[in-house]
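Scroll down for the structure; my scribbles are underneath it.
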Amino acid sequence: MSDKPNPALDAAPLLVAARGGTPSRTPVWFMRQAGRSLPEYRKLRAGTAMLDACFDPEMVREITMQPVRRHDVDGAILFSDIVVPLKAAGVDLDIVPGTGPVVAKPITTAADVAALPELHAEQVQPVVDAIGLLLDELGGVPLIGFAGAPFTLASYLVEGGPSRHHERTKALMHADPELWHALLGRIADITAEFLRVQVAAGVSAVQLFDSWAGALSERDYREFVLPHSRRVLGSVEGVPRIHFGVGTGELLPAMREAGADVVGVDWRTPLDVAVRRLRDAAPDLPPPVVQGNLDPALLFAGLPVLEREIDRIVAEGRAAAGHIFNLGHGVLPDTDPDVITKAVEMVHRQR
């Protein structure tokens, strides 16, 4: 890792926008910009399991850099997976192709929670090494670290894998709140340590993904989730904190209260509506900064549609103190990489 200061980062459009300033151009990056949509990624990953790739510093470096080189995005997102800190700590899980994370022994009892291991920095040294390699190559492009939020990780641990309805998760939450909060407290410790390690290694921003929080009512989110996400985001100092979830239009003010400097908005809620909700909920706070929110499916709709939608989203984003252009979730696997590049060019033409 390079320990030399990098003045170029101070003026990086993504970081300027994240802090509510006026960037030189509208910054854009895409969730899942590194991955299955890129032929160079598929070639590199052939024969290598997902988690093995996440713990290979040189592979992480190359995969993270691929979309930066190809698309000229304004931010690099560290190639990893939300279950990496759980795996590193010693939780028995794997990422099954076509399914997702699968946990060998789902959590059901207080003894299961007590048996959850702690995460120590040395267990994610390969991630630290990858960040060092990236900082030497990225120059003035900010590197975004990330982690999965406690609720989303808890859902995998309780359900044993992906779930459509999160029925076991919600049942545990309501039937045994004490056990639930103990579980999320242990996960929050792991997540906070993982983010602290990334910040210490040199990332310029972090994003906390609460992919499944949209399955909750605002009341349940505030009671069962917000305190733990607040602990995680409160442990991060010195870099902008982005908080994102899917289907969270009704939760946006609460997610900001959790400690977000930048609130990620999916495609279901127009950015100007999101900004209004955020302002009305906290009129004494500084004007909000938002990230989003092109529907990933519209990358298949043709360039005229794409340009129209980008124009609309950028215009709506002007209601915020700062706007980082992104998708409303991740790049879909069959997306044409050339269309992603053209989308970035369209965003950059905006002022």
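The values are calculated or read from the model by the stated rules, or taken from the named source; none is laboratory data. This is a predicted model, so every value here is computed, not measured. Here the Cβ is made from the backbone with ideal geometry for all residues, glycine too, and neighbour counts use every protein chain on show.
Worth pointing out:
- Residue within segment 70-86 that is surrounded by 15 or more Cβ atoms within 10 Å (Cβ to Cβ) and over 20 Å from the mean Cα position of the chain (by Cα) present: yes
- Among the candidates ASP94, ASP72, ASP81, ASP112, residue that is at positive phi and not small (Gly, Ala, Ser): ASP72
- Whenever a residue of segment 180-205 is in contact (Cβ under 8 Å) with a residue 40 or more places away in the chain, its partners that are of a type in the set (S, T, N, Q) and buried (at least 22 other Cβ atoms within 10 Å of the Cβ), lying with C-beta atoms within less than 8 angstrom and at least six residues away or across chains, give the pairs ALA188/SER229.
- Residues that are more than 29 Å from PRO13 (Cβ to Cβ), crowded, with 22+ Cβ neighbours inside 10 Å and touching a Lys or Arg at 6+ places or on another chain (Cβ under 6 Å) are absent from segment 165-181.
- Filter result for LEU299 (within 22 Å of PHE146 (Cβ to Cβ), part of a helix (DSSP H, G or I) and modelled with pLDDT of 95 or more): yes
- Within segment 274-297, considering residues that are of a type in the set (A, V, I, L, M) and under 20 Å from ASP74 (Cβ atoms), the one surrounded by the fewest Cβ atoms within 10 Å (Cβ to Cβ): LEU294
- Single residue of GLY35, GLY21, GLY98 found to be at pLDDT 95 or above and of a type outside the set (Val, Ile, Thr): GLY21
- Among strands (runs of 3 or more DSSP E) entirely within segment 185-295, having at least 2 residues that are closer than 25 Å to PHE30 by Cβ and not β-branched (Val, Ile, Thr) singles out 205-210, 241-245, 289-294.
- Among (1) under 21 Å from the mean Cα position of the chain (by Cα); (2) under 13 Å from VAL265 (Cα atoms); (3) not aromatic (Phe, Trp, Tyr) - the single one THR335 does not satisfy: (2)
- Candidate set from segment 114-144 (those that are among the small types (Gly, Ala, Ser) and in a loop (DSSP other than H, G, I, E, B)); member that is farthest from the chain's Cα centre (by Cα): ALA115
- Residue match in segment 215-225 (condition: under 16 Å from the mean Cα position of the chain (by Cα) and either under 19 Å from LEU172 (Cβ atoms) or free of Cβ contacts under 8 Å to residues at least 60 places away in the same chain (or both)): no
- Total residues in segment 82-108 satisfying the condition of being assigned to a loop (DSSP other than H, G, I, E, B) and over 19 Å from ASP189 (Cβ atoms): the figure is 7.
- Check on ALA301, of a type outside the set (Ser, Thr, Tyr), in contact with an Asp or Glu (Cβ under 9 Å, 6 or more places away or on another chain) and surrounded by fewer than 22 Cβ atoms within 10 Å (Cβ to Cβ): yes
- One residue alone among ALA147, ALA111, ALA154 is part of a helix (DSSP H, G or I) and crowded, with 17+ Cβ neighbours inside 10 Å, and that residue is ALA154.
- Any hit, segment 240-252, residues being more than 21 Å from ALA18 (Cβ to Cβ), of a type in the set (Asp, Glu) and in contact (Cβ under 8 Å) with a residue 24 or more places away in the chain: yes
- Number of residues in segment 1-53 that are exposed (fewer than 12 other Cβ atoms within 10 Å of the Cβ), among the basic types (Lys, Arg) and either part of a helix (DSSP H, G or I) or in contact (Cβ under 8 Å) with a residue 24 or more places away in the chain (or both): the value is 1.
- Filtered by the rule that a residue be of a type in the set (A, V, I, L, M) and touching a Gly at 6+ places or on another chain (Cβ under 8 Å), segment 276-323 gives VAL289, VAL290, LEU294, ILE313, ALA321.
- Search result, residues across segment 264-315 that are touching a residue at least 60 places away in the same chain (Cβ under 8 Å) and under 19 Å from ALA18 (Cα atoms): GLY264, VAL265, ASP266, PRO286, PRO287, VAL289, VAL314
- Residue within segment 315-336 that is hydrophobic (A, V, I, L, M, F, W, C), part of a helix (DSSP H, G or I) and touching a helix residue (DSSP H, G or I) at 6+ places or on another chain (Cβ under 7 Å) present: no
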